[in-house]
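For reference, the structure discussed in these notes is given below.
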Amino acid sequence: MTKTESHAELRQRVRKVCADFPEEYWQELDLERRYPEEFVQAMTESGYLGALIPEEYGGLGMNLSQAAVILEEVNRSGANAGPSHAQMYTMGTLLKHGSEEQKRKYLPKIASGELRLQAFGVTEPEAGTDTTSLQTTAVREGGEYVVNGRKIYISRVQHSDLMVLLARTTPLDEVEKRSRGLSAFLLDLREIVDGLTVEPRRVMMNNETNALTFEDVRTPASSLIGEEGQGFRYILDGLNAERILIAAECIGDGRWFIERASERAKERVVFGRPIGQNQGIQFPIAQAHAHVEAADLMRRKASALFDAGESCGAEANMAKLLAADASWEAANVAMQTFGGYGVDAEYGIERKFRETRLYQVAPISTNLILSYLAEHELGLPRSF
Ligand SMILES: Cc1cc2nc3c(=O)[nH]c(=O)nc-3n(C[C@H](O)[C@H](O)[C@H](O)COP(=O)(O)OP(=O)(O)OC[C@H]3O[C@@H](n4cnc5c(N)ncnc54)[C@H](O)[C@@H]3O)c2cc1C
């Protein structure tokens, strides 16, 4: 595996890893609500979960376009990248703003799989989408910060050693701008002995997610990422990468649904002919296919700009919006094509249908992308 191999070769290799994890594997996990430990292990051993870690720290040193291809192929195989993708999303914050000491300490171990950085603690019950209103505080006391507050829907905490946490270090009424005074930390969850409560939340799909309560949780001052008070900017920096990677997962889902729907439409015979011979069945599949392929073009544009170090906020947001809509459309089309079998767990459509629905809401909802485009691209008045 090298960082220069073509996307086609990379796709082939990822497919090979995913081939060991067929539909039955994901269905069983879904039923048991179990973490795909074996899959995550295989993806780690193949190096893919350390794809964005530079080679000097033991990673594959790939660019975002390659990372996107990996996650797309994972979802296209019928798997779900959700349980393991955060390592890629959070990497930007650590790579760009982490100290050399933090990078040397953690990145080689993350690349080898000895440590997992799969948890990202931003969302809070009260603040919701309005991140700068978050209420979790981190107060400096000598060589430590003391963290208090609550977080909600923080995924993979029980399968992660490290967590990137966003907390307020300067009270809101003491900062010039709401986005200041927030700081990012790299918490070593293994070292937290007291004060952190992790309560699992059962959600629609098989995704280990939790409500967290921090009560006087102590973390060394060395866990601060970059400068105190600049955390919101650091997290925002990583969001374009996150949007592009999520878009790639949605495109993978969309292609999976379209392939399944097309196969079914060819095979299933009703009224003496394949259902796919009816335009009422084939047109919606063709339409969804066109939308997935169009979204992929925007995703490619966004990742190319990102890799060239150019500004890509609008493209990354549009890629996520279009891809999430296209995968959701494809999910509905597949569900309709399968008829009653679509809701039958054995056929796998309903599982993926639940999984891909999340991307209308998380990690950023469609409305927030539209308001970003309206305000920043079209110059319309800010709506909130
Ligand atoms: C399964 C799952 C896993 C998650 N994993 C993580 C994780 O690992 N880490 C993490 O930090 N977070 C995580 N999240 C949280 C996720 O990012 C949030 O749920 C999401 O950002 C939306 O926030 P909210 O749920 O508080 O919605 P709210 O803020 O309550 O918003 C509800 C609805 O109102 C809309 N809305 C709000 N304000 C406006 C406005 N001004 N204009 C128009 N519409 C508006 C929103 O778009 C949304 O549709 C996860 C969520 C889920 C469900």
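When peptides 64-73, 22-31 are ranked by their average number of other Cβ atoms within 10 Å per residue, the highest-first order is 64-73, 22-31. Here Lys301 is the anchor, and the aspartates and glutamates within straight C-alpha reach of less than 13 Å, apart from those fewer than 8 places off in the same chain, are Glu293, Glu310, Glu315. Close amide-amide hydrogen proximity is noted between Ser155 and Phe120, Asn210, each under 5 Å apart and 5 or more residues distant or on a separate chain (H modeled in the peptide plane; Pro and chain starts excluded).
Using the Cβ-Cβ distance between Arg140 and Arg273 with R0 set to 51 Å, the FRET efficiency works out to roughly 0.10. Each of Val203 and Lys96 was given a label point 7 Å from its Cα along the Cα-to-Cβ line. The distance between the two points is 2.4 nm. Is the C-alpha gyration tensor of region 200-266 telling us rounded, prolate or oblate? Criteria: a/c under 1.5 is rounded; beyond that, a/b larger than b/c is prolate, otherwise oblate. Cα axes put region 200-266 in the oblate bin. Residue order for Ile152, Ile285, fewest other beta carbons within 10 angstrom first, comes to Ile152, Ile285.
Counting charges near Trp328 (Lys, Arg +1; Asp, Glu -1) among other residues having Cβ under 10 Å from its Cβ returns a value of -2.
Cβ-to-Cβ counts within 10 Å put Tyr145, Tyr372, Tyr106 in ascending order as Tyr372, Tyr106, Tyr145, the fewest first. Answer rounded, prolate or oblate for the chain, using the Cα gyration tensor with square roots of eigenvalues a ≥ b ≥ c: rounded when a/c is under 1.5, else prolate when a/b is larger than b/c, else oblate. Prolate.
Computed from the coordinates by the stated procedures, all read-outs in this text should not be read as laboratory data. Quick caveat: nothing in here was measured; it's all calculated off a predicted structure. When we count neighbours, we look across all protein chains shown, and the Cβ atoms used for this are built from the backbone with ideal geometry, even at glycine.
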